[in-house]
1. Taking the Cα centroid of segment 258-277 and of segment 150-203, what is the distance between the two, rounded to the nearest whole Å?
2. Using a 10 Å cut-off on Cβ atoms, rank the peptides 51-58, 141-148 from the highest mean neighbour count down.
3. Cut-off under 22 Å on the C-alpha distance; same-chain residues fewer than 8 positions from residue 89 excluded. Which lysines are left, in chain and number order?
4. With viscosity set to 0.890 mPa s at 25 °C, what whole-number translational diffusion coefficient in µm²/s follows for segment 126-216 from Stokes-Einstein and a Kirkwood radius over Cα pairs?
5. Greater than 27 Å separation of Cα atoms is the criterion. Which listed pairs, 25/129; 129/264; 206/258; 129/206, meet it?
6. Which FRET efficiency value, to the nearest 0.05, do you get for residue 286 and residue 106 by plugging their Cβ-Cβ distance into 1/(1 + (r/R0)^6) with R0 = 25 Å?
7. Starting with the highest mean, order 130-138, 171-179, 284-292 by the number of other Cβ atoms within 10 Å, averaged over the residues of each peptide.
8. What are the ³J(HN,Hα) couplings of segment 233-246, residue after residue, when phi is run through the Karplus curve with 6.51, -1.76, 1.60 and θ = phi - 60°? Round to Hz, x for glycine and proline.
Amino acid sequence: MTDRILIIGAYGQIGTELTLALKRKYGPANVIATDIRIPDHLSDEDDSCLYLDVLNRRALDLAVNKYQITQIYLLAAVLSVSGEQQPLKAWELNMQGLLNVLESARENFIARVFWPSSIAVFGHHAPKKPCPQHTVLQPSTAYGISKAAGEDWCQYYFHKFDVDVRSLRFPGLISSSALPGGGATDYAVDIFHHAVRNESYTCYLKASATLPMMYMADAVRAVLELMEAPAAQLTVHTAYNISGMSFTPTQLAASIKKRIPGFKINYKPDSRQSIAESWPTSIDDRFARKDWGWEPEYDLDSMTDQMLLNLRHSIPELQV
Ligand code: AKB
């Protein structure tokens, strides 16, 4: 039977690139991209998108049945910084959205579900460097609380109801296609948008704030590889730690300066620094490597090259 894919939150930071990758893999006709915000201009490869609010359980079930869905990718979420402004909204969307998808998957015999977790599940009491797969989770943010609870629900639905739900604890994701929305790691994308315009950048984290990060091409490949892995090989049913690279704002700025010598950064840490301080600085991803062969391709310098190249091609005012 052909897989039929439902993506919820198709035009967010992960969805923008993952939707295209899934359309390439399964064929555009087999991928139903949905969001609550439909972009004005869609690319040729990406010419259809439906409105779907994951909090509307009936609409979700209707879509699952109408399009004979076999896999659901739930990407809609409120991230760490936005979640601190509206903690209950973060809890409602992140938690009720996941529960709606898990219930729909259970009732409609969906073959596989993907749901992203985050390094935000770790708090001050988890080891910082590297942070192991199995450790204490005492998240510092509403977003982290919803992701940690969500992981437990995924594991519960797996054991109790045989729902094959798979998850990754993403670090900060860096992409040239979509702007991040409201996370503590957003600086690592914003900085490139300033650099390609020859503008200096004021960083809201301390110069020395090391965080785990990943280039989006690696993140998308990780999702595809995890979702293809034979079920019998998977030993983690909460969410897998995965690692890409770790760097400080100073190291990222130095990598940009090697390519744009005039680039300047200054620092004005704000409340986002305390969120960053509660997260690990590097991630031990040995379970992902062993169970389904995870290996990142991009390091700091190759990611910087790719980001600058892509942004110079995609920002209209840089084309003159
Ligand atoms: C955020 O900063 O909130 C996210 C994350 C690490 O999950 N990028």
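1. Result: 18 Å between the Cα centres.
2. Numbers: 51-58: 15.8, 141-148: 25.2.
Going from most to least packed, we get 141-148, 51-58.
3. 147
4. 156 µm²/s
5. Details: 25/129 36 Å; 129/264 29 Å; 206/258 21 Å; 129/206 18 Å.
Among 25/129; 129/264; 206/258; 129/206, the Cα-Cα distance tops 27 Å for 25/129; 129/264.
6. On the way: r = 31 Å, r/R0 = 1.24.
The formula returns an efficiency of 0.20 here.
7. 171-179, 284-292, 130-138
8. 7, 8, 10, 10, 10, 8, 7, 7, 5, 9, 10, x, 8, 10
Where a number appears in this text, it was derived from the coordinates with a stated rule and is not lab data. Source: prediction; values computed, not measured. As a convention, Cβ positions derive from the backbone with ideal geometry for all residues, glycine included, and neighbour counts pool all protein chains shown.
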